[in-house]
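For reference, the structure discussed in these notes is given below.
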Amino acid sequence: MTHQVHIIGGGMAGSEAAWQLARRGVRVRLSEMRGANLPGGGDTTAAHQGTGLAELVCSNSFRSDDHEKNAVGLLHEEMRRCDSLLMAAAEKARVPAGSALAVDREVFSAAVEQALAALPNLEIVRERVDALPAQGPVIVATGPLTAPALAESIGGATGADALAFFDAIAPIVHRDSIDMDVCWMASRWDRGETKDYINCPMNREQYRAFRQGLLDGEKTAFKEWEANTPYFDGCMPIEVMAERGEDTLRFGPMKPVGLDNPHSATPEFPRGRWPYAVVQLRQDNKLGTLWNMVGFQTKLKHAEQVRLFRTIPGLENAEFARLGGLHRNTFLNSPTLLDRELRLKSRPHIRFAGQITGCEGYVESASVGLLAGLMTAHELAGRPWTPPPRTTALGALLAHITGDAEAESYQPMNVNFGLFPPVDASVKKKERKEAYTARAKRDLGEWLLAGV
Ligand SMILES: Cc1cc2nc3c(=O)[nH]c(=O)nc-3n(C[C@H](O)[C@H](O)[C@H](O)COP(=O)(O)OP(=O)(O)OC[C@H]3O[C@@H](n4cnc5c(N)ncnc54)[C@H](O)[C@@H]3O)c2cc1C
């Protein structure tokens, strides 16, 4: 069968993209290296265990299924409304997990594979692809553990620096949960830099207690295959820095120099004094709703991060859009490299989908696969593509990846309400989540009615 679209990678994103295209009558070749039995190996990743399509590499949870109050639950619902194969398979494989959607991973993968294998115009080929194809349309959905030869080929097409090989994740905080009566906005030395920072001040006792918390805190162990990956200086975990000496952090990411704290102003020092140490947050999205903790990449366990970071003055009630982490990961600087339709600007016959675009998580990866499939179907039919509204989970995530995120500090991102345009300020705080989801469902409905 000659194909019209070549999808590389049969994980979360590639499987969903294949479904969306083949269901619309497009002839698809889906290349998946696992199961290829290549001489000398090279047909699996360091995290996958089997050969099934859409294998979940770690937890079996798609996180919250609450589509009234939770952004990932909303994304589930939007994907269901877009006839998502992965959401249908998850329903079949569902296991009890309270308000979360958790699945039996074997049943899930088998359901995906069975549904795809039943489509006559879809060919599943067990093969590893080592270079970006010269002609398209192609969807590359090879994930965070893209095989090395293809990763190199992508690096060649995007510029060697454009492909990140090590993923250092600093936590991200919702702006409206930061106490600005304690923190203040400033750039170091008050220089007219284009980006201002939110500064959280610490005195000597607070700093010492915080450093001790980092030293004592429970860390996530490196996986065997990650242990050989050296730290890059620029993304050393804060707890490793804390181990190096009492003041290492104060000379690193917590440097207070040049930061007058106006909350400590006195007649003698009307501009305020430098605190003993500072935690800085930098704007992470264009809307200004998300702020990342600068230099705070960490392997502390998630519960430990929440507990410890809430001891930072001004962050006592911090709500985290994402917590820190550090693992090897391949992703593109999508805001720079991809256009609004996920196409590589320098080679528009190639689209990217899934975690390699810089979304994070099973559901997010699948949702970007879904969108890549729909975009490609439109392109083949010669129909102009209208993206899902920015107020929907699909639209907000897509906009973030394809240009709205700050390219300089771009890091993998889960879906969360901070990516959405804010709802009317008159909506009471405790009713805001419902306001986001109600608006999203209404707008998605209109988008779907317009014909996708
Ligand atoms: C170790 C680890 C643990 C994670 N744990 C979680 C978690 O618990 N929960 C969560 O929500 N997210 C987790 N993630 C993040 C992410 O959601 C998953 O990696 C997700 O599977 C990404 O979906 P994807 O479709 O982009 O990539 P994948 O699902 O990884 O699919 C990519 C596919 O491409 C294939 N492939 C790679 N290179 C080639 C090639 N050259 N030719 C042909 N095929 C190729 C791979 O075999 C794979 O099947 C984890 C990531 C990693 C690395």
Given region 317-452, what whole percent of its Cα pairs are spread farther than 24 Å?
33 percent
Give me the one-decimal nm value for the distance between modelled label points at V125 and R340, 7 Å along each residue's Cα-to-Cβ direction.
3.4 nm
Can you pull the one-decimal nm distance between simple spin-label points at K69 and A157, each 7 Å off the Cα toward Cβ?
4.4 nm
Hey, with R₀ at 35 Å, roughly what FRET efficiency would R188 and A46 work out to, going by the Cβ-Cβ distance, to 0.05?
0.30
Computed from every Cα-Cα pair in region 1-137, P(r) in 5 Å bins starting at 0 and rounded to whole percents is 2, 10, 18, 21, 18, 14, 10, 4, 2, 0, 0
T266 versus R347: modelled label distance in nm, points set 7 Å from Cα along the beta carbon direction:
6.4 nm
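What GluC sites (Glu not before Pro) in region 386-452 are in a loop by DSSP, with at most 12 other Cβ atoms within 10 Å of the Cβ?
Working: sites: E406, E408, E431, E434, E446; in loops: E406, E408.
Hits after loop and neighbour filter: E408.
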Taking r as the C-beta separation of E406 and Q114 and R0 as 41 Å, the FRET efficiency to the nearest 0.05 is 0.50
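By how many nm would the segment from A209 to N317 grow when fully extended, if each residue of separation counts as 0.36 nm and the alpha-carbon distance is taken off? Provide the component values of the computation, followed by the final result.
Numbers: separation 108, 0.36 × 108 = 38.88 nm, distance 1.85 nm.
Extra length available between A209 and N317 comes to 37.0 nm.
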So how exposed is K429, as accessible area in Å² (1.4 Å probe, rounded to 10)?
130 Å²
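Taking a probe of 1.4 Å, how large is the accessible area per residue of region 2-52, in Å²?
Working: 1900 Å² over 51 residues.
For region 2-52, the per-residue accessible area is 37 Å².
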As I understand it, the dipole of the chain uses +1 on the Cβ of Lys and Arg and -1 on the Cβ of Asp and Glu, about the Cα centre. Which of S61, P412, Q4 lies farthest toward its positive end?
Q4
Determine which lysines satisfy two conditions relative to K219: a Cα distance under 18 Å, and not lying fewer than 8 residues away in the same chain.
K299, K301
Kirkwood Rh, region 228-365, all Cα pairs: how many Å?
18.0 Å
Accessible surface of the chain, 1.4 Å probe, proportion on carbon and sulfur as whole %:
51 percent
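Mind checking the dipole of the chain: about its Cα centre, +1 per Lys or Arg Cβ, -1 per Asp or Glu Cβ, Debye to the nearest 20? Intermediate values should be presented prior to the final figure.
Numbers: 51 positive and 55 negative charges, 107 e Å.
Using only the charged Cβ atoms, the result is roughly 520 debye.
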Order the following by accessible area, largest value first: L119, L101. Probe radius 1.4 Å; ligands, DNA and RNA are ignored.
L119, L101
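Sort K255, K92 by accessible area with a 1.4 Å probe, largest first. Display every interim value, and only then the final one.
Numbers: K255 75, K92 155 Å².
In descending accessible area the options line up as K92, K255.
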Over region 58-122, with neighbouring protein chains present, the accessible area per residue in Å² at probe 1.4 Å is 44 Å²
Counting only the heavy atoms of the protein chains, how much of R204 is accessible to a 1.4 Å probe, in Å² to the nearest 10?
100 Å²
Mind checking which aspartates and glutamates have their C-alpha under 18 Å from K286, skipping anything on the same chain fewer than 8 residues away?
D176, E193, D196, D339, D404, E406, E408, D424
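What trypsin sites (Lys or Arg not before Pro) does region 256-298 have in DSSP loop regions with at most 16 other beta carbons within 10 Å? Can you show the working numbers first?
On the way: sites: R271, R273, R282, K286; in loops: R271, K286.
Those that pass, being in a loop and sparsely packed, are R271, K286.
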Listed by chain and number, the lysines with an alpha carbon less than 19 angstrom from that of K433, same-chain partners under 8 positions apart left out, are K69, K441
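The values are calculated or read from the model by the stated rules, or taken from the named source; none is laboratory data. All values derive from a computational prediction rather than experimental measurement. Don't worry about glycine lacking a Cβ; one is built from the backbone with ideal geometry, like all the others, and counts go over all protein chains shown. The accessibility values were calculated without ligands, DNA or RNA, using every heavy atom of the protein model including side chains. Shrake-Rupley method; radii C 1.70, N 1.55, O 1.52, S 1.80 Å.
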